[in-house]
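Colleague: This structure is in structure tokens; I'll ask about it shortly.
The values are calculated or read from the model by the stated rules, or taken from the named source; none is laboratory data. Bear in mind that the values here come from a model prediction, so they are computed numbers and not experimental data. We place every Cβ from the backbone using ideal geometry, glycine too, and count neighbours over all the protein chains shown. Remember, those area values only see protein heavy atoms, side chains included, never the ligands or the DNA or RNA. Shrake-Rupley method; radii C 1.70, N 1.55, O 1.52, S 1.80 Å.
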Amino acid sequence: MNGRTACSMMRTVPVIDIEPARSGSGSDRRGVATAIDAACREIGFFAITGHGVAERLVDELRRRAHEFFALPIAEKLASRHPVAGTNRGYQPVGHEALSAANDDAGPPDLKEFFHIGPVDVTDDAYYTSALGRRHFTPNIWPAAPAGFEQAATAYYRTMSDLILVLMRLAALALDVDEAFFDDKVDRSIGTMRLNYYPAQATTPRPGQLRASAHTDYGGFTILSGEDVPGGLQVRTRDGRWIDVPTSPTTFVVNIGDLLMRWTNDRWLSNMHRVVNPPLGDGPNRARLSIAFFNHPNYDALIECLPSQGAARHPPVLSGEYRDTKYVKTGFTPATT
């Protein structure tokens, strides 16, 4: 059985223990990289254990996020960015339909969220130039609950470190130097979203979901979810939607459009969605997910890796690509 045939039988999101890659030999790292390659080629998603992220760090942010979303709407709106369409701070239910990024019109998604950008911005010209200011808008932090900013900042920094581990494994899987991606993702314009899907008291509109079907835009996404009905689904290559088991500390990882372009479509930036909880006589439950999006540095030129054959896509700058996607979903680049 060749590798492609084996991959084609994948009907679940595999769980990969990356501990051997974090503490083992070069051979161990390559073994983990091979498993990641298989998952990314067929389904574009995998879950990771052995990542070394402290459970208490995840729990602290989840607790603060639940406290924030439980606040009255007027208090939450106080953390909304004053410039409409800016990807910082609070956004209420109905702000966006993610499917629009893939040119599929539909009703707004049934979620509210809090948008956080990079937390370690310096006075370097990369951040402070006119172009830099378009991508490094200052964060907005809520007055309550206490500890929200500290929990989010600690989590953001930890995920940034984990991204570097994953990108080095990606490099091994793609037959380029292990440090190839280091200087292309170290000043990421990515963001973190605290996505809150409220309990649904009324029946959604036809075609309306907690998060409509979409692909992510950049490199790796790392998701901390909850095992609550009305969760994440991913589309298999034969067109079926399958549930993705989620838990707070078994992170779900998927690749975005730019990583797919880097790999010359070897890896799949796959469609995924968050479905509604089942209708029933009893109340349904809210759901919280923390999505960390690593988007390559805005000046990174995304083009086919030399190991991946003749290019199928023209080169594109990371920042320009994200701006295009943002505009489709109602966000706008910052003005300077």
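Colleague: Could you give me the radius of gyration and the Dmax of the stretch 210-277, taking only the C-alpha atoms into account and expressing both in angstrom?
Modeller: Rg and Dmax of the stretch 210-277, Cα atoms, are 12.2, 36 Å.
Colleague: If the viscosity is 1.306 mPa s and the temperature 10 °C, what Stokes-Einstein diffusion coefficient in µm²/s follows for the chain when Rh is the Kirkwood radius over Cα pairs?
Modeller: 78
Colleague: Determine the share of the chain's accessible area contributed by carbon and sulfur atoms, expressed in whole percent, with a 1.4 angstrom probe.
Modeller: 52
Colleague: With charges only on Cβ, +1 for K and R and -1 for D and E, what is the dipole size of the stretch 181-336 about its Cα centre, in debye, rounded to 20?
Modeller: About 440 debye.
Colleague: Still on this model: Let me have the relative contact order for the stretch 56-196, percent, based on Cα pairs under 8 Å that are six or more residues apart.
Modeller: Across the stretch 56-196, relative contact order equals 28 percent.
Colleague: For a quick check, take a GNM of the chain with Cα springs below 10 Å and name the residue from TRP267, TRP241, TRP141 with the largest mean-square fluctuation.
Modeller: Checking each option, the largest mean-square fluctuation is seen for TRP241.
Colleague: Just how large is the dipole of the chain about the Cα centre, in debye to the nearest 20, putting +1 at every Lys and Arg Cβ and -1 at every Asp and Glu Cβ?
Modeller: 700
Colleague: Once all Cα-Cα distances of the stretch 245-324 are split into 10 Å bins that start at 0, what whole-number percent is in each one?
Modeller: Bins of 10 Å from zero give 15, 35, 25, 16, 7, 1 percent of pairs.
Colleague: Here is a follow-up. Placing +1 on the Cβ of each Lys and Arg and -1 on the Cβ of each Asp and Glu in the chain, which of PRO245, ASN297, GLY31 has its Cα farthest towards the positive end of the resulting dipole?
Modeller: Among PRO245, ASN297, GLY31, the one farthest towards the positive end of the dipole of the chain is PRO245.
Colleague: Now for a different question. Apply the Debye scattering formula to the stretch 179-336, with a single equal point scatterer on each alpha-carbon and no solvent, then give log10 I(q)/I(0) at q = 0.10, 0.14, 0.16, 0.17 Å⁻¹.
Modeller: Taking Cα atoms of the stretch 179-336 as identical point scatterers yields -0.42, -0.79, -0.99, -1.08.
Colleague: Before anything else, pin down the relative contact order of the stretch 131-215: Cα pairs under 8 Å, at least 6 apart, normalised by residue count, whole percent.
Modeller: Relative contact order of the stretch 131-215: 18 percent.
Colleague: Could you let me know the centre-to-centre spacing of the stretch 120-169 and the stretch 179-237, using Cα atoms, in angstrom?
Modeller: A separation of 18 Å, based on Cα centres.
Colleague: Roll a 1.4 Å probe over the protein chains and send me the accessible area per residue for the chain in Å².
Modeller: Working: 14300 Å² over 336 residues.
Accessible area per residue, the chain: 43 Å².
Colleague: Please compute the contact order of the chain in relative form: average sequence separation of alpha-carbon pairs under 8 Å and at least six residues apart, divided by the residue count, as a percent.
Modeller: Reported relative contact order: 22 percent.
Colleague: Hydropathy first: keep DSSP H helices in the chain averaging at least 0.0 on Kyte-Doolittle, then drop any whose Cα extent along the axis falls short of 30 Å, and list what survives.
Modeller: Span-like helices, by this rule, are 148-173.
Colleague: Would you mind working out the magnitude of the charge dipole of the stretch 24-142 relative to its Cα centre, with +1 at each Lys and Arg C-beta and -1 at each Asp and Glu C-beta, to the nearest 20 Debye?
Modeller: I would put it at about 180 debye.
Colleague: At 1.4 Å probe size, what's the solvent-accessible area of THR34? Round to the nearest 10 Å².
Modeller: Here the accessible area works out near 90 Å².
Colleague: Next question, about the same structure. Apply the Debye scattering formula to the stretch 105-263, with a single equal point scatterer on each alpha-carbon and no solvent, then give log10 I(q)/I(0) at q = 0.21 Å⁻¹.
Modeller: -1.57
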